[in-house]
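Everything below concerns the one structure shown next.
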Amino acid sequence: MKTYIIILSCFTLFVACSSNRNETSSSNQRICLDLTDDVQLSDSLEFTFIPLETNEQCLIGIVKQVEIRNGKIYVLDIKQMALFVFDMEGKFLTQIGNRGAGPGEYITPMSFDFDLSANTIIVNDIEKKELLCFDLNDYRFKYAKTLPEYYSSFSILSNHSVSFFSSSGVLKEERKEDYYVLTCDSLLNPKHTYFPADFKSGYSYALGRNFYRVGNRDFVYHEQIPVIYEIVGDEIKTHYELVPGTFDFPPVTYLQEESMNNTYFVPTLLHSGYISGYMVCETEELLCVMFTRDVSQTYYGIYHKNSRKGYLYTANGFARNGGVRIPLYLEGATDQYIIGALKPSFMGKPYTPNADLQPILDKLSPEDNPVLCLFKWKE
């Protein structure tokens, strides 16, 4: 496989700054997150908890992506290599597709998305270099589309184009300059390239998708660049610049040197003192970011867009003052809610869970499936 994706259960690698020669000017906003473990947010956030049913058909290992569409919860598990479906009460409904090398089967599913206009859910199998399309009504396999390269992430854009992301670059054989993002039409004919690839590597950590959507607006970010871009037609525009307190991102020259000749640079970065990973989840009102630094240090940023106030917490500080009271891993978002996952294995640890969460945890064992935590800013 040309692109090597190293999966970690609780963070995504990123960093650096990059010139963007095809970026247009825009009213971008700096998201400043000041480190504090003292600001209480429990009275500002509203929570909904959904325990995912556990049975022999859906033993979830590592959650990679969670999406909620039309009253169904879709969970991609990159340990079991399976895509599970639950209802909004957490009851297990079915698995979409199966692991294997045959038609309609996947080997290494890394992301999925929906084409609601075609009533289809699409799974990206990076091992087979295929997009596998399943009917959204009965989840039966419909057809597969073969891809020319290994793309770590993809998205069906609001204009029904298909967009792909690769940290090692796209259309390398056709362009003097390489890019991270390629957009195609529905037949996968190339249309546009975005986001010049000033730093390329076949290695990356992956937690969430590189693409996300808020309403009808489409966004993309690179795992190693602290800037979020909006895709608008055949251009990208700077949407947010992330400023996580006094922590530093490694310069692009550092990354280029450490990854020279496609060297596996991740261990060096993880011990460098620089920020080494982040994931973004955004709603109409909130922006949440999970940062990592020096192997085991995890930080959570939360930014309220209306008040333009941002906070950055340590993992324990976020658990204590965020309102959930136990560690939470970000997994995705709807238009209104940030989606997180709580592991029942934290039961018995030195945490006092949210009062609404405690009765749910009392019924679970440490080996059970995660409890989804949906939260939004109170009205």
Taking amide H atoms as placed 1.01 Å from N in the peptide plane, list the residues 5 or more away in sequence, or in a different chain, whose amide H sits under 5 Å from that of residue 111. 124
For residue 142 and residue 45, compute 0.36 nm times the residue count separating them, minus their Cα-Cα distance, and round to one decimal in nm. 30.8 nm
Would you mind checking the stretch 34-58 for residues with the amide N under 20 Å from a putative spin-label position 7 Å along Cα→C-beta of residue 247? 34-41
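Pull up the DSSP beta bridges for the chain and report the antiparallel fraction as a percent, rounded to 5.
Rounded to the nearest five, the antiparallel share is 85 percent.
Output the relative contact order of the stretch 4-377, whole-number percent, from Cα pairs under 8 angstrom with separation of 6+ residues. Intermediate results must be reported in sequence, preceding the final value.
On the way: 911 pairs, mean separation 82.4, N = 374.
Relative CO of the stretch 4-377 lands at 22 percent.
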Calculate the spin-label point distance for residue 232 paired with residue 257, positioning each point 7 Å from the Cα along the beta-carbon direction, and give it in nanometres. 3.7
For the pairs 64/237; 145/363; 72/129, note any where the Cα-Cα span goes beyond 32 Å. 145/363
Net dipole in debye of the stretch 4-377 [+1 Lys, Arg Cβ; -1 Asp, Glu Cβ; about Cα centre; nearest 20]: 60
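No lab work stands behind these numbers, since they all come straight from the coordinates. Every value quoted in this text rests on a predicted model; they were computed, and no experiment measured them. With ideal geometry, Cβ positions are generated from the backbone for all residues, glycine too; neighbour counts draw on all protein chains shown.
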